[in-house]
Amino acid sequence: TECEKEPGSLLWIFVMVGNIVRGMGETPIMPLGISYLEDFAKAENSPFYLACLHTATVIGPFLGLLLASFCAELFVDVGSVGPDEITITATDARWVGAWWLGILICALLNLLVGIPFWFLPKSLVKEGETNEPEETSEKSVVALQDNDKNEAKQNIWKYFIPFLKALFHNPVYMLFICITVLQFSAFDGMISFMPKYLEQQFGKSASDAIFLIGVYNLPVLCVGYFSGGLFMKKFKINIYQAANIAFWVSLLEYLLYFGAYWTVCDTSPVAGLTVSYE
């Protein structure tokens, strides 16, 4: 009775705050990075550069899943508990991997990768154009700084609310938002529940399930992003042609997904859930 403690811990708050800070740091990368490319890249090269950017965003989760697979093979108390003291295996339902190790490694890598961003120039010469004279560039920089100061003094709500209202009344933009939400909902559902399904249905460990998801799904996305951007660059696809291609390819994708309804395996017996304990 002396060792009994009430369940509960406030350490989850540190994890939540860490995820909030991580999200704050990751969010500007995509919108600002895309604007950065659109402003300083040629129109015919912009799709290819965007494809490379999206490919990199898929390579990151792929490497993260490989790292998670490695960390899941290690016991949560690695370093403080010897291998001889562990009496369960990675396939045991009570096994908890070293989830915190991946967070520390990724935090250190994010810190190191973020350092070069401090040395990016404020402005770039548009691709294919010659450099402006130094005096002209300095004058333009001073003028831009003065304009930025003047604009900062104005009320942001004067322009933000009408602009936001115009976006919400744009049917093309809202349709794109809805499609994006549906696509990410399906992808996040697969990432969240597929590991547990592989563990229960096929007897895989958490490490093997994470590894299989990373190997079978994310490399294909990289190929799709890269080949799509290269295709648009080579044939100079305009917006309407790209929309038609996206529609037919997405329709084919959804039709292929319907085949998953006929590949359902029998549910594995689970004591107390599908079968009795007796």
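The values are calculated or read from the model by the stated rules, or taken from the named source; none is laboratory data. Quantities reported herein were computed from a predicted structural model and do not represent experimental measurements. With ideal geometry, Cβ positions are generated from the backbone for all residues, glycine too; neighbour counts draw on all protein chains shown. All accessible areas refer to the heavy atoms of the entire protein, side chains included, with ligands and DNA or RNA removed. Shrake-Rupley method; radii C 1.70, N 1.55, O 1.52, S 1.80 Å.
Tabulated results
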{"quantity": "Condition check for LEU120: over 30 Å from ILE237 (Cα atoms) and modelled with pLDDT of 85 or more", "calculated": "no"}
{"quantity": "Exclusive hit being modelled with pLDDT under 85 and loosely packed, with under 12 Cβ neighbours inside 10 Å, set ILE88, ILE20, ILE34", "calculated": "ILE88"}
{"quantity": "Cross-chain or 6+ apart pairs with Cβ under 9 Å, segment 182-201 first and β-branched (Val, Ile, Thr), then at pLDDT 80 or above and surrounded by 13 or more Cβ atoms within 10 Å (Cβ to Cβ)", "calculated": "ILE191/PRO61; ILE191/LEU65; ILE191/ILE213"}
{"quantity": "Answer residue from segment 36-56, given it is in contact (Cβ under 8 Å) with a residue 60 or more places away in the chain and aliphatic (A, V, I, L, M) and is farthest from GLU127 (Cα to Cα) among those", "calculated": "ALA51"}
{"quantity": "Tally of residues being at pLDDT below 80, open to solvent by 80 Å² or more (accessible area, probe 1.4 Å) and not in a helix (DSSP H, G or I) across segment 230-266", "calculated": "3"}
{"quantity": "Those residues of segment 209-221 which are more than 21 Å from PRO269 (Cβ to Cβ) and buried (at least 17 other Cβ atoms within 10 Å of the Cβ), in sequence order", "calculated": "ILE210, PHE211, LEU212, ILE213, GLY214, ASN217, LEU218, LEU221"}
{"quantity": "Residue under evaluation LEU65, criteria (1) more than 22 Å from LEU230 (Cα to Cα); (2) over 14 Å from the mean Cα position of the chain (by Cα); (3) surrounded by 15 or more Cβ atoms within 10 Å (Cβ to Cβ), criterion not met", "calculated": "(2)"}
